[in-house]
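Beneath this line is the structure, given in structure tokens, with notes to follow.
Read-outs: derived from the displayed coordinates by stated rules, not from any lab. Quick caveat, the model's predicted, so the values are computed rather than measured. Cβ coordinates were reconstructed from backbone atoms using ideal geometry, including for glycine residues, and neighbour counts include every protein chain displayed.
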């Protein structure tokens, strides 16, 4: 079986997803093994020399001035984990937890943390063998690292807490026993090395940005189906228009739309039916493109953080230095995740406006009201738009930035925090709402195409239409709608529309 090497430097977003969702196994690189062992040797030397070093021979936070003698070191590390396990709320999804474990292992592999190789290998064995700690979603300030949630991860390593193993929730000790993994007795620096980092916010954010990039392509396909249904004008997508402005996302979105709509007999040119379209059609490249530029920025920041040393103190072996710093502070991630929330929200904002044009007879260029025949007896897609509007409105509340907030902790020793984990969780919630809104638009656009009378769809829109119609039939009379909405969302989640359209028209951007 092929492994993905973990070396602390080269993990990509695509590899990350392959491990968390496709259960690829991981293995430490030889260079990482050597770095980890060297750093640990330095920690052991400092302990034997009774040096006063934060987190190694002292307490934590406000207790950093309390010196801990060698005999109390193991008690200190255990107490750190059990006292910090204060998470609340629902458990994080299993793929998110797998990502947390992977990212923490990758950070430790850099050799700046001072953990024992055997302890790091225990974490990797848990990941490879499917021991998934129960980690509550709430309780992190995102500044001294994700202390509370990461402590729940470590609980299982020391035979405490709870975990999922083979799909069953059980005690941490039982999960480790069933998987054949020995529990760990933590020693100097190890507890702190395991919980002082940004891996919870980064795992949530990494999954969200990956899904957002795919969702932005789906949004282009959804818009294209609506353009077909409303006989949209394609002149506005001409590459010349976008090149003279110069934004990459806008240029790429214009290319996507023309590729997806290539060969359509339903679209028009300016002046044929009308001179210009409303903004929700005409400005798709500008709006979707701006979100894509946002996503590119966030992806770059996430991949930096995925390969970062984010605990404290950091050990620099060559200089024989241990430096107390602030790499655990989540601000470099909090701001991008707040930006991500805004970029995602806009995809839903404009999608809902396109859906409104489909269902509103005053705006739909001749389609029946609410996309149903025999209206009055049938309500058709009336409440689909209501639901989309509710999600869009909810996103506006969720998009309020978390990173502008801070609350002091540890008796004001930690007096500015990032709230980056809250930012990541909010962005993920928005992404899921956006996916639902785009599903509603696709569902409505396919209905509108059938009602309009299909003169021949474009290469990409035909493929998307076929996938939807294979699972969801045209609505002739009212039926229970949420089944269809759920099916359409499942199609989007599978990414099959994007994959099949790309097979027909080439890569989407």
Gained length - residue 390 relative to residue 3, 0.36 nm times residue gap less alpha-carbon distance: 134.9 nm
Peptides 287-297, 22-32, 435-445 ordered by average Cβ neighbours within 10 Å, highest first: 435-445, 287-297, 22-32
Relative exposure of 49, 346, judged by other C-beta atoms within 10 Å (fewest first): 49, 346
Ranked list, fewest to most other Cβ atoms within 10 Å of each Cβ, for 152, 3: 3, 152
Stokes-Einstein diffusion coefficient of the stretch 172-231, Kirkwood radius over Cα pairs, 37 °C, 0.692 mPa s, in µm²/s: 203 µm²/s
Helix 382-398 axis, angle to the chain major axis (alpha carbon atoms, nearest 10°): 30 degrees
FRET efficiency, residue 69 to residue 496 (Cβ-Cβ, R0 60 Å, nearest 0.05): 0.50
Separation of the residue 471 and residue 34 label points, Cα + 7 Å toward Cβ, nm: 5.0 nm
Alpha-carbon Debye profile of the chain, log10 I(q)/I(0) at 0.10, 0.11 Å⁻¹: -0.80, -0.91
Length-normalised contact order of the stretch 1-42 in % [C-alpha pairs under 8 Å, at least 6 apart]: 48 percent
Length added when fully stretched, residue 480-residue 318, from 0.36 nm per residue minus Cα-Cα: 51.6 nm
Between helix 284-306 and the chain: long-axis angle, C-alpha atoms, 0 to 90°, nearest 10: 10 degrees
Pairwise centroid distance, computed over Cα atoms, of the stretch 1-47 with the stretch 306-357, Å: 21 Å
Length-normalised contact order of the stretch 4-197 in % [C-alpha pairs under 8 Å, at least 6 apart]: 25 percent
Cα pair distances of the stretch 4-197 binned at 10 Å [whole percent]: 9, 37, 38, 14, 1
Cα-based convex hull volume of the stretch 247-406 per residue, rounded to whole Å³: 166 Å³
Helix axis angle, 117-129 relative to the chain longest principal axis, alpha carbon, degrees: 30 degrees
Burial ranking of peptide ranges 207-220, 271-284 (average Cβ count within 10 Å, highest at the top): 207-220, 271-284
Relative contact order computed over the chain (Cα-Cα under 8 Å; 6+ residues apart), in percent: 17 percent
Diffusion constant of the stretch 378-509 at 25 °C, which comes from Stokes-Einstein with the Kirkwood Cα-pair radius and 0.890 mPa s, µm²/s: 141 µm²/s
Descending principal axes extents, the stretch 175-299, alpha-carbon based, whole Å: 76, 33, 20
Most to least packed among 101-108, 352-359 [average Cβ atoms within 10 Å]: 101-108, 352-359
Cα convex hull volume per residue for the stretch 17-60 (Å³): 109 Å³
Separation of the residue 454 and residue 413 label points, Cα + 7 Å toward Cβ, nm: 6.6 nm
DSSP beta bridge pairing in the chain, given as percent antiparallel to the nearest 5: 75 percent
Per-pair calculated FRET efficiency, R0 = 56 Å: residue 138 and residue 265 via Cβ, rounded to 0.05: 0.60
Euclidean distance between Cα centres, the stretch 196-258 to the stretch 443-494, Å: 21 Å
